[in-house]
1. Sequence-distant or interchain residues sharing an amide H contact under 5 Å with residue 61, placed H: which?
2. By the scheme Lys and Arg +1, Asp and Glu -1, what is the net charge of all other residues having a beta-carbon under 11 Å from that of residue 60?
3. Can you tell me the alpha carbon radius of gyration of the chain divided by the globular rule-of-thumb value 2.2 N^0.38 Å?
4. Taking 0.36 nm per residue of sequence separation and subtracting the Cα-Cα distance, how much length would be gained by fully extending the chain between residue 15 and residue 2, in nm to one decimal?
5. Pop out the ³J(HN,Hα) list for segment 32-37 in order, Karplus 6.51 cos²θ - 1.76 cosθ + 1.60 with θ = phi - 60°, rounded to Hz; leave Gly and Pro as x.
6. How high is the relative contact order of the chain, given as a whole-number percent (alpha carbon pairs under 8 Å, six or more residues apart)?
Amino acid sequence: MDVQGAEADVIAGGNQSLRRTRYIYTEYSDQELYEGQLPLRAILELLPSFQIVVEYPRGVEGDVLLRNTSL
């Protein structure tokens, strides 16, 4: 997911599809680069059935692979 600060909207709008999604690969930044951009902690709170499989940090930002543990 590379949605330039619209993470909360994408997650909310795709809630039913995400329940059937096994993996999500998304970028994150713990420093707000775009208005509305969520830190990794907040993304994980919106996706309670997902957990980190692999994280590729680059300072305050990075990429993360999340796995749906309910599937």
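1. For residue 61, the qualifying residues are 30.
2. -2
3. Numbers: Rg = 11.4 Å, N = 71, 2.2 N^0.38 = 11.1 Å.
Output field value: 1.02.
4. 3.0 nm
5. 5, 9, 10, 4, x, 5
6. RCO, the chain: 35 percent.
No value in this document is a laboratory result; all are computed from the given coordinates. Quick caveat: nothing in here was measured; it's all calculated off a predicted structure. As a convention, Cβ positions derive from the backbone with ideal geometry for all residues, glycine included, and neighbour counts pool all protein chains shown.
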